[in-house]
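Sending over a structure as structure tokens; questions will come in a sec.
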Amino acid sequence: MTAPLTVRTPEGTPKGGVIVIMEAFGITEHIIDVAEQAAKAGYLAVIPGLFHRKGDPVIAYDDIPAAIEVMQTVTPESAASDIDDAVAYLVSEGLTLRQIGIVGFCMGGTVTFHTAVRLPLGAAVTFYGGGVANGRMGYESFIDEVGKLQTPWLGQFGEADRGIPVAELDELRIAGGKVSKEIEIIVYPQAQHGFHRPGDSGVFHPEASAAAWKRALEWFDSHLA
């Protein structure tokens, strides 16, 4: 089964490609906006529909049970298949693996990290992806897998994220420092889980969001362009 792809195209020749991996809420306006912002920055952006086996639902931010239910249908194998479809599309557009980056949020941040383990892409950026100290979604923990990264990885997290304690990020930073991999971990003061999600006033943190997106683009520009 081939994943449907939502594509946003830059003006002129793309300086690289960016795969955008959604949260557990599906391909929301926010995730589409991320792809559009990547395209404005000069990248050919593509969102694979990880929920297409369930009809590609878009879930309200306050319907956490529904989000968890559909998120649990995503496996490492299904995510890999859908991301490989996105990679194949970008390669068909003339890009190499090293000209392709990936960025993901929450559930998508977890998938992004493990894609960076699985594939030698040019760059990867995780926004508040869970599973740092304990595996989730069928994946091993970030700490256990950090030594296997094949892609330069930037992790961006909120200091006030109750699901991803700063102590776990400190452990990950220590583990990452023991391996010869290009890794950077940023923690934003007072930012909660979902701080880059503008449609969710309870967690959106404008300053952290702007700073994190700027860093993400700089990470892509330094590795892909």
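What follows draws every value from the coordinates through simple rules; no lab data is involved. Quantities reported herein were computed from a predicted structural model and do not represent experimental measurements. As a convention, Cβ positions derive from the backbone with ideal geometry for all residues, glycine included, and neighbour counts pool all protein chains shown.
Could you work out how far apart the two model spin labels at residue 97 and residue 162 are, taking each label as a point 7 Å from the Cα in the direction of the beta carbon, and quote it in nm?
4.1 nm
Continuing with the same structure: Which FRET efficiency, nearest 0.05, do residue 221 and residue 63 yield, Cβ-Cβ r, R0 41 Å?
0.70
With a/c under 1.5 counting as rounded, go ahead and sort segment 96-225 into rounded, prolate or oblate using the C-alpha gyration tensor (a ≥ b ≥ c being the square roots of the eigenvalues; past the cut-off, prolate if a/b is larger than b/c, else oblate).
oblate
Turning to a different aspect of this structure: Above 23 angstrom, tally the Cα pairs of segment 1-87 and express them as a % of all pairs, no decimals.
The proportion of pairs with Cα distances above 23 Å equals 24 percent.
Here's something else I'd like to know. For the charge dipole of segment 137-179, defined by +1 on Lys and Arg C-beta atoms and -1 on Asp and Glu C-beta atoms about the Cα centroid, which residue among 166, 153, 141 has the Cα displaced farthest towards the positive pole?
It is 153, whose Cα lies furthest towards the positive end.
Still on this structure, I have one more. Residue by residue through segment 3-17, what is 3J(HN,Hα) from phi via Karplus (6.51 cos²θ - 1.76 cosθ + 1.60, θ = phi - 60°)? Round to whole Hz and write x for glycine and proline.
Taking θ as phi minus 60°, the curve returns 6, x, 10, 9, 10, 10, 10, x, 6, x, 6, x, 8, x, x Hz for segment 3-17.
In whole angstrom, how far apart do the alpha carbon centroids of segment 15-81 and segment 95-126 sit?
The distance from the Cα centre of segment 15-81 to that of segment 95-126 comes to 13 Å.
At q = 0.12, 0.13, 0.20, 0.23 Å⁻¹, work out log10 I(q)/I(0) for segment 80-159 with the Debye formula, treating every Cα as an identical point scatterer and leaving solvent out; two decimals please.
For segment 80-159, the Cα-only Debye profile gives -0.31, -0.36, -0.82, -1.05.
Once you've got the GNM for the chain with C-alpha springs shorter than 10 Å, pick whichever of 44, 97, 121 has the biggest mean-square fluctuation.
In the Gaussian network model the winner is 97.
Modelling each spin label as a point 7 Å along the Cα-to-Cβ direction, I'd like the residue 180/residue 7 distance in nm, to one decimal.
3.9 nm
Among 118, 162, 173, determine the one that fluctuates most according to a GNM of the chain built with springs between C-alpha atoms less than 10 Å apart.
162
Would you work out the charge dipole size for the chain about its Cα centre, treating the Cβ of every Lys and Arg as +1 and the Cβ of every Asp and Glu as -1, and quote it to the nearest 20 debye?
460 debye
Jot down the radius of gyration and Dmax of the chain, Cα atoms only, both in angstrom.
For the chain, the Cα radius of gyration and maximum Cα-Cα distance read 15.8, 44 Å.
Pop out the ³J(HN,Hα) list for segment 20-34 in order, Karplus 6.51 cos²θ - 1.76 cosθ + 1.60 with θ = phi - 60°, rounded to Hz; leave Gly and Pro as x.
9, 10, 6, 7, 6, 8, x, 7, 7, 4, 4, 5, 5, 5, 4
From the phi of every residue in segment 141-149, what ³J(HN,Hα) in whole Hz does the Karplus formula 6.51 cos²θ - 1.76 cosθ + 1.60 yield, where θ is phi - 60° and glycine or proline is x?
Using θ = phi - 60°, the values come out as 5, 4, 4, 6, 9, 4, x, 9, 4 Hz.
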